[in-house]
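K.L.:
So that we are looking at the same thing, I have put the structure below in structure tokens.
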Amino acid sequence: MKRGGQEIYVGPLGHHSRHLIKYFEGIQGVSKIKDGYNPATWMLEVTSTAQELSLGVDFAEIYKKSDLYRRNKALIEDLSKPAPGAKELYFATQYSQSFLTQCTACLWKQHWSYWRNPPYTAVRFLFTTVIALMFGTVFWDLGSKTKTIQDLSNAMGSMYAAVLFLGIQNASSVQPVVAVERTVFYRERAAGMYSAMPYAIAQVLIEIPYIFVQASVYGLIVYAMIGFEWTVVKFFWYLFFMFFTLLYFTFYGMMAVAVTPNHYIAAIVSAAFYGIWNLFSGFIIPRPSMPIWWRWYYWICPVSWTLYGLVVSQFGDITHMLEDGNNETVEQYLRNFFDFRHDYLGLVAAVI
């Protein structure tokens, strides 16, 4: 085929490509092949665009007017006629394997794809560990201090910063991976290997164990260094919210690539939403202080639900008085200033 996908020769090669050589040498102006010369190299040289311009010919047109082309068309027509009494092929399903088998195969494929991609998986864990140690030292033992409003703000700041740092890093780092995988997916789906849904399910499921390990590593380091209250319930609530937060940030990064032409545009689109989520998280501007006509976005901002869950699960049931809180307990301050209620913890968890 020549550039553009046009056929210039369709037929048998023969011993040492003699049929191919005979065909092209039969075209007026084409130089003969030298003894011992590679037929494939010779064929590419004599049929190049420069040779076409030099000879003033179009090899695609020459082929369409040749006896070889007419013989090929006749053979195709003959082979296209069904034998007497033959029945048309019928397949009960579009794909050769069941939906579950497709999911299993795609998940196994994604498993090896991730396992053989240390620049993505290993670097993500390294980044998480470094960030955890950095946050742990910056916010050292602040989680155990709840005597003043500033103490609570410092502890909330550690949660808020962690969510944005790790969340945005997860969403950004997964986008080039999804973009590369998508190219392979288009080719394999076009070949009828599997449908889009099993591929999407596999792509979602393969992230879960990696993010679980990531959230566990971060949670163990930070929870101990910041000094949050060591109870089983509060520790697992912290892991729960961090796990699902990293999960939805990663899935958002995947979705941004899926709905845009490439990961460069996805990064630009994502950045706009990161800024909006940051603004409406409830930390910079608490929800009661927001104009009434913007509060609706607070309720659909995922980061606001994460911050709500983290703060309430750690501090929402503390009943001792604040030293500078106008005779308010920690629980009352969170309810009055942020409208955070410990009673809604189950609802917040369900939303996350």
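The values are calculated or read from the model by the stated rules, or taken from the named source; none is laboratory data. This one's a predicted model, so the numbers in the text were calculated from it and none came from an experiment. Because the Cβ atoms are built from the backbone with ideal geometry, glycine has one as well, and the counts that use them run over all protein chains shown. Heads up: the accessible areas ignore ligands, DNA and RNA and are worked out on the full protein's heavy atoms, side chains in. Shrake-Rupley method; radii C 1.70, N 1.55, O 1.52, S 1.80 Å.
K.L.:
Taking only segment 72-91 into account, find how many residues are free of Cβ contacts under 8 Å to residues at least 24 places away in the same chain and either open to solvent by less than 90 Å² (accessible area, probe 1.4 Å) or in a helix (DSSP H, G or I) (or both). Write out each step before concluding.
P.N.:
Applying the first criterion (free of Cβ contacts under 8 Å to residues at least 24 places away in the same chain) to segment 72-91 yields 73-91.
Filter once more, keeping what is either open to solvent by less than 90 Å² (accessible area, probe 1.4 Å) or in a helix (DSSP H, G or I) (or both): 73-80, 83, 85-86.
Residues in segment 72-91 being free of Cβ contacts under 8 Å to residues at least 24 places away in the same chain and either open to solvent by less than 90 Å² (accessible area, probe 1.4 Å) or in a helix (DSSP H, G or I) (or both): 11 in total.
K.L.:
A further question on this structure: Can you confirm whether Ala155 is in the same structural domain as Tyr248 (by the TED database), closer than 26 Å to Val311 by Cβ, of a type in the set (Gly, Ala, Ser) and free of Cβ contacts under 8 Å to residues at least 40 places away in the same chain?
P.N.:
Taking the combined requirement at face value, the residue does not satisfy it.
K.L.:
Now, a different point. Can you name the residue in segment 224-268 that is assigned to a helix (DSSP H, G or I), among the aromatic types (Phe, Trp, Tyr) and free of Cβ contacts under 8 Å to residues at least 24 places away in the same chain and, of all such residues, is farthest from Gly143 (Cα to Cα)?
P.N.:
Tyr264
K.L.:
Taking interchain pairs and intrachain pairs at least six residues apart, which have beta carbon atoms under 7 angstrom, with the first residue in segment 325-352 and outside the structural domain of Gly167 (by the TED database) and more than 28 Å from Tyr252 (Cα to Cα) and the second of a type outside the set (A, V, I, L, M, F, W, C) and open to solvent by 60 Å² or more (accessible area, probe 1.4 Å)?
P.N.:
Close Cβ pairs satisfying both conditions: none exist.
K.L.:
Name every residue in segment 92-106 that is assigned to a helix (DSSP H, G or I) and surrounded by fewer than 10 Cβ atoms within 10 Å (Cβ to Cβ), in order of residue number.
P.N.:
Of everything in segment 92-106, just one residue is assigned to a helix (DSSP H, G or I) and surrounded by fewer than 10 Cβ atoms within 10 Å (Cβ to Cβ), namely Leu100.
K.L.:
Then there is this: Cβ-Cβ distance below 9 Å, separation of 6 or more or different chains: which pairs start in segment 281-304 with a residue that is assigned by the TED database to the domain that holds Met242 and end on one that is open to solvent by 10 Å² or more (accessible area, probe 1.4 Å) and of a type in the set (S, T, N, Q)?
P.N.:
Within 9 Å, the pairs are Phe283/Ser153; Ile284/Asn278; Pro288/Asn336; Val303/Asn278.
K.L.:
Regarding Lys64, is this residue modelled with pLDDT of 90 or more and out of contact with any Gly (no Cβ under 8 Å at 6 or more places or on another chain)?
P.N.:
The answer is yes for Lys64.
K.L.:
So Gln175 fits all but one of (1) surrounded by 19 or more Cβ atoms within 10 Å (Cβ to Cβ); (2) modelled with pLDDT under 90; (3) not hydrophobic (A, V, I, L, M, F, W, C); what number is the exception?
P.N.:
(2)
K.L.:
Let me ask something else. Answer yes or no: is there a residue in segment 115-126 that is closer than 30 Å to Val312 by Cα and among the polar types (S, T, N, Q).
P.N.:
No: zero hits.
K.L.:
Considering only residues that are under 21 Å from Cys301 (Cβ atoms) and either exposed (fewer than 15 other Cβ atoms within 10 Å of the Cβ) or not basic (Lys, Arg) (or both), which ones fall in segment 328-341?
P.N.:
If the condition is that a residue be under 21 Å from Cys301 (Cβ atoms) and either exposed (fewer than 15 other Cβ atoms within 10 Å of the Cβ) or not basic (Lys, Arg) (or both), then Leu334, Phe337, Phe338, Asp339, Phe340 are the ones that fit.
K.L.:
Modelled with pLDDT of 90 or more, more than 21 Å from Ile211 (Cα to Cα) and among the small types (Gly, Ala, Ser): which single residue out of Ala105, Ala132, Ala155 fits that description?
P.N.:
Ala105
K.L.:
Then there's this: Could you please give the count of residues in segment 19-38 that are surrounded by 16 or more Cβ atoms within 10 Å (Cβ to Cβ) and either part of a helix (DSSP H, G or I) or outside the structural domain of Asp67 (by the TED database) (or both)?
P.N.:
Adding up the residues that qualify gives 4.
K.L.:
Another one. If I go through segment 5-18 residue by residue, how many of them are open to solvent by 50 Å² or more (accessible area, probe 1.4 Å) and farther than 19 Å from Lys65 by Cα?
P.N.:
Residues flagged as open to solvent by 50 Å² or more (accessible area, probe 1.4 Å) and farther than 19 Å from Lys65 by Cα within segment 5-18 amount to 4.
K.L.:
Among (1) modelled with pLDDT of 90 or more; (2) open to solvent by 80 Å² or more (accessible area, probe 1.4 Å), there is one condition Pro119 misses while meeting the rest; what is its number?
P.N.:
Tallying (1) modelled with pLDDT of 90 or more; (2) open to solvent by 80 Å² or more (accessible area, probe 1.4 Å), Pro119 fails exactly one: (1).
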